[in-house]
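Q: Below are the structure tokens for one structure; questions will follow.
The values are calculated or read from the model by the stated rules, or taken from the named source; none is laboratory data. Please read these numbers as outputs of a predicted model, since none were measured by experiment. Here Cβ is always computed from backbone atoms with ideal geometry, including for glycine, and neighbour counts include all displayed protein chains. Ligands, DNA and RNA are excluded from the accessible area calculation, which covers all protein heavy atoms including side chains. Shrake-Rupley method; radii C 1.70, N 1.55, O 1.52, S 1.80 Å.
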Amino acid sequence: MFKNFHWGHGVAIALAAFIGFIMFMVLVFPNGKQNSELVSDNYYEDELAYQTVIDAKKNAEQLGEKPVYQQTKDGIKITFPASEHPDHKNISFVLFRTDDKNLDVKKELSLDGGNSVLIPAKVLRQGSYTLMLKWKQNNKPYQLDYDVLWN
């Protein structure tokens, strides 16, 4: 079988394998990248305003007690410490999904009597999220980011 095999055959086989690999990458690989978009449609404008995010994160890091989240069967419960009183009891959150923009959850809610808020399980899909929690207290912005794995 390999009696008449010489270097020309080897080059042809290598070239055919390389072309096959390139065709695989062109035809199959892009199918896994569906719904992967930029984080923001207004990237440059958001980048210019990023100093406010840096200040909000710095303010949150200086807190003695920080809000915490807990995963329950009902959803994600965010509880603020008794020492924290957001302006008008309003907080906003973004559950950011890096793999699919369609699964992002953005909402502004008011805290209940227990100084907490619940993100219902029905709006969440299994996977990894980044929870960006934002609020103002005494007109001072705060922001905390948590990595959440929802099962």
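Q: What is the angle, in °, between the Cα long axis of helix 50-61 and the longest principal axis of the Cα atoms in the chain? Nearest 10 is fine, range 0 to 90.
A: 60
Q: Same structure again: Run the reach check for residue 107 against lysines, Cα to Cα strictly under 28 Å, same-chain hits fewer than 8 apart removed. What comes back?
A: 33, 57, 58, 66, 73, 77, 89, 122, 134, 136, 140
Q: Explain nothing, just the number: relative contact order of the chain, from Cα pairs under 8 Å at least 6 residues apart, as a whole percent.
A: 22
Q: Can you list which of the trypsin sites (Lys or Arg not before Pro) found in the range 54-122 are DSSP loop residues with at most 16 other C-beta atoms within 10 Å?
A: 73
Q: Let me ask something else about it. At 222 nm, what helix-only mean residue ellipticity would the chain give, in deg cm²/dmol to the nearest 500, using -39500 (n - 2.57) for each DSSP H run of four or more?
A: -8000 deg cm²/dmol
Q: What range in the chain is the longest one free of chymotrypsin sites (Phe, Trp or Tyr not before Pro) that are in a loop by DSSP and have at most 10 other Cβ atoms within 10 angstrom? Before the final figure, lay out each step's value.
A: Details: sites that count: 2, 5.
Answer - 6-151.
Q: Lys/Arg Cβ at +1, Asp/Glu Cβ at -1, dipole of the chain taken about the Cα centre: which of 105, 13, 82 is farthest positive-ward?
A: Ranked along the dipole, the leading option is 13.
Q: Quick check: pseudo-label points 7 Å beyond the Cα along Cα→Cβ at residue 125 and residue 101, how many nm apart are they?
A: 1.5
Q: Compute, for the chain, the length of the dipole vector about the Cα centre, with Cβ point charges of +1 (Lys, Arg) and -1 (Asp, Glu) only. Units Debye, rounded to 20.
A: Value, rounded to 20: 460 debye.
Q: So, one more: Among 94, 26, what's the order by accessible area (1.4 angstrom probe), most exposed first? Mind showing how you got there, number by number?
A: Values: 94 30, 26 90 Å².
These residues rank, largest area first, as 26, 94.
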